[in-house]
Amino acid sequence: MNEDVLLFFAGHMCCLPLYERLEEQILSEIEDVRIRVQKSQISFYNKHMFACVSLSRPRKKKNCPEDHIVVTLGLEHRLESPRIDIATEPYPQRWTHHILISSPDEIDGELMGWIKEAADYARRK
């Protein structure tokens, strides 16, 4: 594990296994991925950033599990799913989606399908 990733999760080590599983899935299913650890997020890039992980809270605290990560991804269309906590269109045909993940089981085929679609979209830009 990268030392920067460990520092990112300092104080939130219980969330690290979720991130590790997601990173493993992304690296095994998507080619030419670069990872950049920043103060507030860990970003996944190919030609451009296609997804990131943060520890933000997209829900009110009382509705938000204590241990979670938030996966953010960009697509050219809005996803319609109860799994999407927030979807915004900051630019025409550029939708940003925030998905709260609190269980390893939530890192599934549906989520990875969206992340792969986001990676394809970023590659085409």
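Derivation of every value follows stated rules applied to the coordinates shown; laboratory data play no part. Worth saying up front: this structure is predicted, and the values here are computed from it rather than measured. Cβ atoms come from the backbone with ideal geometry, glycine included; neighbour counts cover every protein chain shown.
Determine, for each peptide in 112-121, 24-33, the mean count of other beta carbons within 10 angstrom over its residues, then list the peptides with the highest first.
The packing order, highest mean first, is 112-121, 24-33.
Full extension from GLU66 to GLU29: what is 0.36 nm times the residue separation minus their Cα-Cα distance, to one decimal in nm?
The span from GLU66 to GLU29 would gain 10.5 nm if fully extended.
Dividing the convex hull volume of the alpha carbon atoms of the chain by its residue count, what do you get in Å³ per residue?
107
How large is the helix-only mean residue ellipticity at 222 nm for the chain, computed as the sum of -39500 (n - 2.57) over DSSP H runs with n ≥ 4, divided by its residue count, in deg cm²/dmol to the nearest 500?
Rounded to the nearest 500, the figure is -9000 deg cm²/dmol.
Take each of the peptides 48-54, 81-87, 71-77, average the number of other beta-carbon atoms within 10 Å over its residues, and list them starting from the highest.
48-54, 71-77, 81-87
Calculate the FRET efficiency for MET13 and LYS47 from the Cβ-Cβ distance with a Förster distance of 25 Å, rounded to the nearest 0.05.
Efficiency computed from Cβ-Cβ geometry: 0.15.
When the gyration tensor of the range 25-95 is built from Cα positions, what are the square roots of 5 times its three eigenvalues, in whole Å, from largest to smallest?
21, 18, 12
Quick one: net charge around CYS15, please, counting Lys, Arg +1 and Asp, Glu -1 for every other residue with C-beta under 14 Å from its C-beta.
-3
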